[in-house]
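The values are calculated or read from the model by the stated rules, or taken from the named source; none is laboratory data. Owing to the predicted nature of the structure, the values given are computational and were not obtained by experimental measurement. Cβ placement follows ideal geometry from the backbone for every residue including glycine, while neighbour counts extend to all protein chains displayed. Accessible surface is based on the protein model in full, side chains and every heavy atom, while ligands, DNA and RNA are left aside. Shrake-Rupley method; radii C 1.70, N 1.55, O 1.52, S 1.80 Å.
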Amino acid sequence: MPHPTVPYVLAAPGYLAGGSDWEHLTEWLLRGHGWRDVSPIDQHTALASPDGRLHVALNRRGAWTLRATTPTGREWAAILGAHLPVEYVTALVDTMLRPACRHDPDVLGPLHAAGWNADAAAPTPTAVSPDGLVRFAEETALSPTRGPWHAACTADGHTWWTAVFSTHTPPGVVAAFTRSLASDDPLPRMAIGTPLYGCGPYTRLTQTLHGYDDEQAQLEARIDEARGHRLAAASPAAPRPSSRRAPRTR
């Protein structure tokens, strides 16, 4: 049965676009990467990687929790608000799936390059979006190691989402978040419910022919790509041809 036609728009900046369909992440992990559903009764969805090192949970209010263990055995977590775009959450999880970078990236670099302002009065490194709606800051460290990071999006006195990264969160994961925040690319959203309440003066909307079927086709393509990489990695390598010459016969 065809899905009813629902008008879509492109919303920018992305951090005001809203959360969108959480299945874009959960189905990608379950069907594409072979994750397991380990949902308890008190959570909407909880997924675990095949090796049990990575966890992604969605509570019944739509907020996300990412948990993992670093190669050195340290645990970290990220708590992400329900109205944070699922594309941003997916970017974080995609980074979790990859090997850690040899060199720590510059977490604030993408924001500064995108014209975000440094708050010189803040006690810790802080970047503020050009429209003043998002603040991203490093919290005061409770230990000699790097302190956790915190972000919040507030419009007209209403906080739409927060993002908190605990101590020991890999800088590569946090940098994936700041790259998403810094991106100028608009995000496709259903026209109904967009923009978020109170965000109209700050949200740029553009008409688009992109629709539900396109969203599903893109999701299926990402699932197929992930499944293909996973199956290729699991397949035994083909034996190399022998370099020894066959014995001569007389």
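Some observations on this one:
Here is a yes/no grid of residues against (1) under 24 Å from ALA113 (Cα atoms); (2) modelled with pLDDT of 95 or more; (3) within 19 Å of the chain's Cα centre (by Cα):
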position: PRO125; (1), (2), (3): yes, no, no
position: VAL128; (1), (2), (3): yes, yes, no
position: VAL134; (1), (2), (3): yes, yes, yes
position: GLU139; (1), (2), (3): yes, no, no
position: GLY147; (1), (2), (3): yes, no, no
position: ALA151; (1), (2), (3): yes, yes, yes
position: ALA155; (1), (2), (3): yes, yes, no
position: TRP161; (1), (2), (3): yes, yes, yes
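- Only strands (runs of 3 or more DSSP E) whose full extent lies in the stretch 1-114 are considered here, and the ones with at least 2 residues that are of a type in the set (Val, Ile, Thr) are 64-69.
- Checking the stated criteria, ARG74 turns out not to satisfy the condition of being touching a residue at least 12 places away in the same chain (Cβ under 8 Å), in contact with an Asp or Glu (Cβ under 8 Å, 6 or more places away or on another chain), under 21 Å from SER166 (Cβ atoms) and of a type in the set (Lys, Arg).
- Test for VAL86: is it of a type in the set (Val, Ile, Thr) and open to solvent by less than 30 Å² (accessible area, probe 1.4 Å): yes
- Only residues that are within 30 Å of PRO99 (Cβ to Cβ), outside any loop (DSSP other than H, G, I, E, B) and among the charged types (D, E, K, R) were counted in the stretch 146-196, giving 1.
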